[in-house]
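Before any comments, here is the structure.
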Amino acid sequence: MANLDLETMSQEYYDVLKELGNIGAGNATTALAQMLQCKVDMSVPQVRLLEFQDVASLMGGEEQLMAGIYLGVDGDITGSIMFLLEKESARHLVSKLMGMTLEGEEFSEMEMSALQEVGNIITGSYLNSLSSLTGLCIYPTIPSLAVDMAGAILSVPAIEFGTLGDKILLIQTQFFDEIQLDGYFILIPDLESYGKILSSLGIM
Amino acid sequence: MSEIIKVGMADLKICVSPDAVTTLGLGSCVGIAIRDPITKVGGLAHIMLPDSTQIKNNSNVPKFADTGIVELIRQIIAKGANQSRLVAKIAGGAQMFAFQNKSDMVRIGDRNVEATKKKLAELKIPVLAQDTGDSYGRTVIFYPETGDFVIRAVGKEQRVI
C-alpha cells in the first residue's frame with residue numbers, strides 16, 4: 001500500500017475515483033439545489049491527473065480569480081479536500097443564496113460567510129457520500145476560505161501533492177442552474193488513506 | 001523587442017536584459033529572483049518546498065529551495081554572471097488559508113521563506129529586498145536590467161521592491 005504511486009495508477013483505480021467523484025458531486029449538487037431551492041444539474045465529473053501547471057490553465061490561467069474552500073479530514077483516513085469555484089460563479093451562488101444582487105467587485109464580510117457556507121455544504125455532502133460508500137469514519141475540520149488568484153490557491157494542494165510527485169489529482173464537475181458553474185474538487189488523502197479507501201471498496 | 005519569459009510552478013528560467021522573467025499567482029511558494037548587476041544576467045525560480053532531503057521523490061530540482069537556488073545560480077553563471085556579484089530578491093510564502101490541518105504543512109509559506117534565506121546566506125548571496133508572508137497571492141516580474149522586482153496582488157497597488 002505504501003508504494004502506491006499516483007503516476008502508475010491503473011485504469012481501474014481511476015474508474016473507482018471517478019465513481020466516487022460522481023457520487024460525491026451528485027450529493028453536493030443535491031445539497032446545493034436544496035440550499036438554493038431550485039433545480040441544479042451536473043455533468044459527469046472528469047477525473048484527471050495533471051501537471052501542476054496544467055491545473056491552473058484548465059481554470060483559465062494562474063491569475064484567474066477563484067474562490068477556494070479548504071479543509072482537513074481526520075478519522076479513518078487523513079488528508080484534506082479543496083473545492084474551487086470560479087469567482088464569478090461564486091458571486092452568482094452567493095447572490096442567489098442571499099436573494100440579492102451583489103454590489104462591487106469584492107465580497108463583503110457577510111457574502112464571504114455565505115460563500116463559506118456554500119463551501120461547507122458542498123464539501124460536507126461530498127465527504128458524507130465518501131464516508132457512507134466506504135464505511136470509513138471521516139471527520140471534516142472547520143473549512144477555510146480564500147478568494148485569490150488560481151495559482152496562489154492551488155499552491156496549497158500542489159505543495160501537499162508535491163511531497164509525493166509532480167501531479168495533482170483533480171475532479172472537475174460542471175453544475176448548471178441558470179448558468180454553467182465550473183467546480184473543482186481536489187482530494188488530498190495521504191498515501192495510506194488512498195489504500196484504505198480502495199480496500200474498503202474491495203479493490204486492493 | 002524584449003520578452004517576458006514565464007516561469008511555471010516548480011520551474012526556473014534565466015534571461016539577459018532587456019528580457020524579463022515572470023511567475024503568476026505565487027501562493028505559499030516562493031519566487032527567488034537573482035541577478036548580476038554588471039552583466040545583467042538574471043533568473044527566477046518558483047520553488048514549492050523547503051528541503052529536497054526531506055522528500056523521497058526529489059528529482060525535480062526547481063521544486064525545492066535548496067536544489068532550486070543552486071541550479072538557478074549555476075545557470076546564471078553559465079550565462080556569464082559572476083557569483084561574487086549576485087544579489088537576490090524574494091517574494092511569496094503566503095499562508096493562503098487560515099487553517100491547515102497537516103502539522104508539517106502548517107506555515108509551509110514561512111518555512112519556504114526561511115529555507116530560501118538560509119540557502120542564500122550559505123551561498124553568500126545578499127537578499128536586497130523581500131515581500132513575503134501574509135495571506136494573499138502575488139504575481140511577480142523581475143527585470144535583470146534594473147533589478148526591479150514588480151509585485152502585483154489582487155485588490156492591492158502594484159509594488160516595486
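The values are calculated or read from the model by the stated rules, or taken from the named source; none is laboratory data. Please read these numbers as outputs of a predicted model, since none were measured by experiment. Glycine also receives a Cβ, built like all others from the backbone with ideal geometry; neighbour counts cover every protein chain displayed. Side chains included, ligands, DNA and RNA excluded: accessible areas come from the protein's heavy atoms. Shrake-Rupley method; radii C 1.70, N 1.55, O 1.52, S 1.80 Å.
How would you classify region B:1-82 from its alpha-carbon gyration tensor, with a ≥ b ≥ c the square roots of the eigenvalues: rounded for a/c under 1.5, else prolate if a/b is greater than b/c, otherwise oblate?
It is oblate, given that a/c is not under 1.5 and a/b is not larger than b/c.
Exposed loop trypsin sites (Lys or Arg not before Pro) only (DSSP loop, at most 12 other Cβ atoms within 10 Å): please give the longest stretch of chain B free of them, not including the sites. Before the final figure, lay out each step's value.
Working: sites that count: B:Lys56, B:Lys124, B:Lys156.
Here the longest run is B:57-123.
If you take every residue apart from B:Leu123 with its C-beta less than 13 Å away from the C-beta of B:Leu123, what net charge results, scoring Lys and Arg +1 and Asp and Glu -1?
Local charge sum for B:Leu123: +3.
Please give the Cα centre distance for region A:31-80 versus region B:44-58, rounded to the nearest Å.
Between the Cα centres of region A:31-80 and region B:44-58 lies a distance of 26 Å.
Short version: ³J(HN,Hα) in whole Hz for each residue of region A:35-52, in order, from phi by Karplus 6.51 cos²θ - 1.76 cosθ + 1.60 (θ = phi - 60°), x for Gly and Pro, what are they?
5, 8, 6, 8, 7, 10, 9, 9, 8, 5, x, 10, 9, 9, 9, 10, 5, 3
If DNA, RNA and ligands are ignored and the probe is 1.4 Å, what is the ranking of A:Asp166, A:Asp148, B:Asp148 by accessible area, most exposed first?
B:Asp148, A:Asp166, A:Asp148
Restricting to DSSP H runs of at least four residues, report the calculated mean residue ellipticity at 222 nm for chain B, -39500 (n - 2.57) per run over all residues, nearest 500 deg cm²/dmol.
The helix contribution divided over chain B gives -6000 deg cm²/dmol.
Could you calculate, for the protein assembly as shown, the ratio of the Cα radius of gyration to the Kirkwood radius, expressed as Rg to Rh? Don't skip to the end; give the middle numbers.
Values: Rg = 21.2 Å, Rh = 21.2 Å.
That ratio is 1.00, to two decimals.
Grab the other residues whose beta carbon is less than 10 angstrom from that of A:Glu105, score K and R as +1, D and E as -1, and report the net.
Values: positive: A:Lys87, A:Arg91; negative: A:Glu103, A:Glu106.
Value of the local net charge: 0.
When a/c is below 1.5 the answer is rounded, else prolate if a/b is larger than b/c, else oblate, so apply that to chain A with a ≥ b ≥ c taken from the square roots of the Cα gyration tensor eigenvalues.
Prolate, since a/c reaches 1.5 and a/b exceeds b/c.
Taking every residue in A:137-149, how many Cβ atoms of other protein chains lie within 10 Å of its Cβ, on average?
Rounded to a whole number, the mean comes out at 4.
What list of ³J(HN,Hα) couplings, whole Hz, do you get for region B:67-77 from phi and the Karplus terms 6.51, -1.76, 1.60, once you set θ to phi - 60° and write x for glycine and proline?
6, x, 5, 4, 5, 4, 5, 4, 5, 5, 5
For n ≥ 4 DSSP H runs only, could you compute -39500 (n - 2.57) per run for chain A, divide by its residues and tell me the 222 nm figure to the nearest 500?
Helix-only estimate at 222 nm: -15000 deg cm²/dmol.
Once you have the Cα-Cα distance between B:Glu157 and B:Asn57, take 0.36 nm times their residue separation minus that, and quote the gain in nm to one decimal.
Contour length minus the Cα-Cα distance gives 32.1 nm.
With θ taken as phi - 60° and the coefficients 6.51, -1.76 and 1.60, list the Karplus ³J(HN,Hα) couplings across region B:18-35 in order, rounded to whole Hz; mark glycine and proline as x.
Values per residue, Gly and Pro as x: x, 5, 9, 10, 9, 9, 9, x, 5, x, 6, 6, 10, x, 10, 9, 10, 8 Hz.
Longest segment of chain A with no GluC sites (Glu not before Pro) in a DSSP loop having at most 15 other Cβ atoms within 10 Å?
That gives A:1-102 as the longest site-free run.
Which order do B:Met48, A:Met42 take by accessible area at a 1.4 Å probe, largest first?
Reading off the accessible areas and sorting them downward yields A:Met42, B:Met48.
Tally Lys and Arg at +1 and Asp and Glu at -1 over the other residues with C-beta under 10 Å from the C-beta of B:Asn60: what net charge comes out?
-1
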